[in-house]
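K.L.:
Take this structure, written in structure tokens, and hold onto it; I'll ask about it next.
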Amino acid sequence: MTRLSTAVRGLAVTVAALLAATAASAPARAKPEPKAPRDFVALNSVDPTIIQEIRYLTPHNFVGDPVDGYRQPLCILTRPAARALHTAQRKLLRHGYSLKVYDCYRPQRAVDHFVRWAKDLDDQRMKAEFYPNVDKSRLFADGYIAEKSGHSRGSTVDLTLVKLPVRPARPHRPEPPLAPCFAPRNERYPDTSVDMGTGYDCFDTLSHTLDPRIQGEQRANRLLLKNTLEDLGFVNLAEEWWHYTFKPESHPDTYFDFPVSHRSLAGRP
């Protein structure tokens, strides 16, 4: 082998080593966030009059922290579900009520956050409000927490009714003491909704839509919401007065994980 060929081979080895070192030290490209399918829409683009109070974007929920995957205070739903809510809203407005949504599409990463929280039995920060009568070790067995949620399929919504005109709620005091979610309305978390007998996300049998202990105005309010939505194709989860799924679902077997944000809806093919 000549000196020239030896030098060339040495140079090639050096260049290859430099390229390998550069590739190894370069930061990995961030994996692009998933996008929503084209049949998902922002509810306010279909009906801007429906009130939105997206609880999982805030620390006021049973976890006690903002939940993974919620980037903006935005309700995202499949288009058929959003259109059905628009029809419900038009009917309710004529009777002096508005819908208010607490949660709509929920990314799988948010459900995973709930599961991690439920397994951490030492975190009891929000027990006094959201599950005062339930041992946290029972949340899976009793069906309050699961590893999959229909919300992640895009046609399920948590919602309530608000009497018009909307009156401002008293400011929430985030520090203890927390009031039980089934306390009298003027004692529990301030909410502009009508009295449904419990607050939203109350882990208690009193949240069952037709629980016989809920009577009078509270029962009438639940039935107004239930009858209005069921007439339009929504199905209520019997254990939660606030939980409705539009049928037939557009994606009955798919659990999505795109973030709750306008960006998830932008630039879709």
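Every number in this text was worked out from the coordinates using simple rules, so none of it is lab data. Quick caveat: nothing in here was measured; it's all calculated off a predicted structure. Reconstructed Cβ throughout: ideal geometry from the backbone, glycine too, with neighbour counts over all protein chains shown.
K.L.:
For the chain, take the longest principal axis of its alpha carbons; what is the angle in degrees between that and the long axis of helix 216-230, to the nearest 10 within 0 to 90?
P.N.:
That works out to roughly 50 degrees.
K.L.:
Can I ask one more? To one decimal place, what orientation-averaged projected area in nm² is obtained for the convex hull of the Cα set of the stretch 155-230?
P.N.:
6.1 nm²
K.L.:
Okay, moving on. Relative contact order for the chain: what is it in percent, counting Cα pairs under 8 Å that are at least 6 residues apart?
P.N.:
Rounded, it is 24 percent for the chain.
K.L.:
Residue by residue, what Karplus-based ³J(HN,Hα) values in Hz, rounded to whole numbers, does the stretch 42-59 have, using 6.51, -1.76 and 1.60 with θ = phi - 60° and x for Gly and Pro?
P.N.:
Taking θ as phi minus 60°, the curve returns 6, 4, 5, 7, 9, 8, x, 8, 6, 6, 10, 9, 7, 5, 6, 7, 10, x Hz for the stretch 42-59.
K.L.:
Now, a different point. Can you list the HN-Hα couplings for the stretch 152-161, worked out from phi with the Karplus curve (6.51, -1.76, 1.60; θ = phi - 60°), rounded to whole Hz and with x for Gly and Pro?
P.N.:
Calculated HN-Hα couplings, in order: 6, 8, x, 10, 10, 9, 9, 7, 8, 10 Hz.
K.L.:
Per the helix-only calculation at 222 nm, which mean residue ellipticity applies to the chain, given -39500 (n - 2.57) for every DSSP H run of n ≥ 4 and division by its residues, nearest 500 deg cm²/dmol?
P.N.:
-8500 deg cm²/dmol
K.L.:
So for the stretch 126-225, averaging the separation of alpha carbon pairs under 8 Å that are six or more residues apart and normalising by length, what relative contact order in percent results?
P.N.:
Worked out over the stretch 126-225, it gives 30 percent.
K.L.:
Viscosity 1.002 mPa s, temperature 20 °C: Stokes-Einstein D of the stretch 192-269 from its Kirkwood Cα radius, in µm² per second?
P.N.:
Approximately 146 µm²/s, per Stokes-Einstein.
K.L.:
Compute the acute angle (0 to 90°) between the alpha-carbon long axis of helix 108-119 and the principal axis of greatest extent of the alpha-carbon atoms of the chain; round to the nearest 10°.
P.N.:
70 degrees
K.L.:
What does the charge dipole of the stretch 33-264 about its Cα centre add up to, to the nearest 20 debye, if the Cβ of each Lys and Arg holds +1 and the Cβ of each Asp and Glu holds -1?
P.N.:
780 debye
K.L.:
Moving on to the next point. Express the Stokes-Einstein translational diffusion coefficient of the chain in µm² s⁻¹, to the nearest whole number, given a Kirkwood radius over alpha-carbon pairs, 20 °C and a viscosity of 1.002 mPa s.
P.N.:
Rounded, D is 103 µm²/s.
K.L.:
If you don't mind, there's one more thing I want to ask. Treating the angle as unsigned and between 0 and 90°, give the value, to the nearest 10°, between the Cα long axis of helix 3-25 and the longest Cα principal axis of the chain.
P.N.:
10 degrees
K.L.:
Using the structure shown, list the pairs from LYS91/LYS148; LYS91/LYS247; LYS35/LYS127; LYS35/LYS163; LYS35/LYS119 with a Cα-Cα distance above 27 Å, or answer none.
P.N.:
Long pairs (Cα-Cα over 27 Å): LYS91/LYS148; LYS35/LYS127; LYS35/LYS163; LYS35/LYS119.
K.L.:
Output wanted: per-residue J couplings in Hz (rounded whole) for the stretch 198-209, from phi through Karplus 6.51 cos²θ - 1.76 cosθ + 1.60, θ = phi - 60°, x for Gly and Pro.
P.N.:
9, x, 5, 6, 7, 7, 7, 5, 5, 7, 4, 3
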